[in-house]
Amino acid sequence: MTPLAPVHHTRAEAETAALAGALARELHAGDVVELIGELGAGKTAFVRGLAGGLGADPAHVRSPTFALANRYTGGRLPLIHVDAYRLDADDLDTLGLDDRTDAILAIEWPTRAEPIDAARRWRIELTHLGEHEREVRITPPIEPAPRSPRHPPRTTE
């Protein structure tokens, strides 16, 4: 597994989708992908790439602005796409996002849906640089360091 570079510049929606497809190969069931960017920054285009990278049909991906959440299947893992822009706490509870350990959760406007529990949380920041050009910053989850069985953690007494 080759780690993705932290900063990318894309010049077309297809390039943004291809980058997301590469990220999809790194994702595990239960992962959360937080999508940060202003309106029109390419968040839904990025989700199309995630869907394609997981093996689902990217042509079915639509912005869930009014549906709040869309679920895409047919790939190696289901993908749940949430637009939290119009969510309130009651909406979040009714979506049942706590029961998604078998899927990837891609969430637009994630700060409006706090807290969503996840062991692995990816942060994707999309910024307009021009009409079709974007800067995409990828922050991978912080993985806990593996413990050596020969060296158990120290205890203080």
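The values are calculated or read from the model by the stated rules, or taken from the named source; none is laboratory data. Keep in mind that what you see is a predicted model, and the values were worked out from it rather than measured. Here the Cβ positions follow ideal geometry from the backbone for every residue, glycine too, while neighbour counts run over all protein chains shown. All accessible areas refer to the heavy atoms of the entire protein, side chains included, with ligands and DNA or RNA removed. Shrake-Rupley method; radii C 1.70, N 1.55, O 1.52, S 1.80 Å.
Below are the figures for this structure:
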item: Of the criteria (1) hydroxyl-bearing (Ser, Thr, Tyr); (2) within 20 Å of LEU126 (Cβ to Cβ); (3) touching a Leu at 6+ places or on another chain (Cβ under 9 Å), which one THR73 fails; result: (2)
item: Residue in segment 45-55 that is out of contact with any strand residue (DSSP E or B) (no Cβ under 9 Å at 6 or more places or on another chain), surrounded by fewer than 22 Cβ atoms within 10 Å (Cβ to Cβ) and under 20 Å from ASP102 (Cβ atoms) present; result: yes
item: Given (1) farther than 21 Å from HIS8 by Cα; (2) at pLDDT 90 or above; (3) open to solvent by 30 Å² or more (accessible area, probe 1.4 Å), index of the condition HIS128 fails; result: (1)
item: Test result for LEU19, within 14 Å of ILE124 (Cα to Cα) and part of a loop (DSSP other than H, G, I, E, B); result: no
item: All positions within segment 62-72 that are surrounded by fewer than 22 Cβ atoms within 10 Å (Cβ to Cβ) and either at pLDDT 90 or above or not in a loop (DSSP other than H, G, I, E, B) (or both); result: ALA69, ASN70, ARG71
item: Residue pairs meeting the criteria (Cβ under 7 Å; at least 6 apart or on separate chains; first within 17 Å of TYR85 (Cα to Cα) and in a loop (DSSP other than H, G, I, E, B), in segment 33-61; second open to solvent by 20 Å² or more (accessible area, probe 1.4 Å) and β-branched (Val, Ile, Thr)); result: GLY37/THR127; ALA41/THR127
item: Extreme residue, farthest from THR44 (Cα to Cα), among residues of segment 89-117 that are modelled with pLDDT under 75 and either among the small types (Gly, Ala, Ser) or part of a strand (DSSP E or B) (or both); result: ALA89
item: Residue selected from segment 18-42 under the condition open to solvent by less than 20 Å² (accessible area, probe 1.4 Å) and β-branched (Val, Ile, Thr), by the criterion nearest to the chain's Cα centre (by Cα); result: VAL33
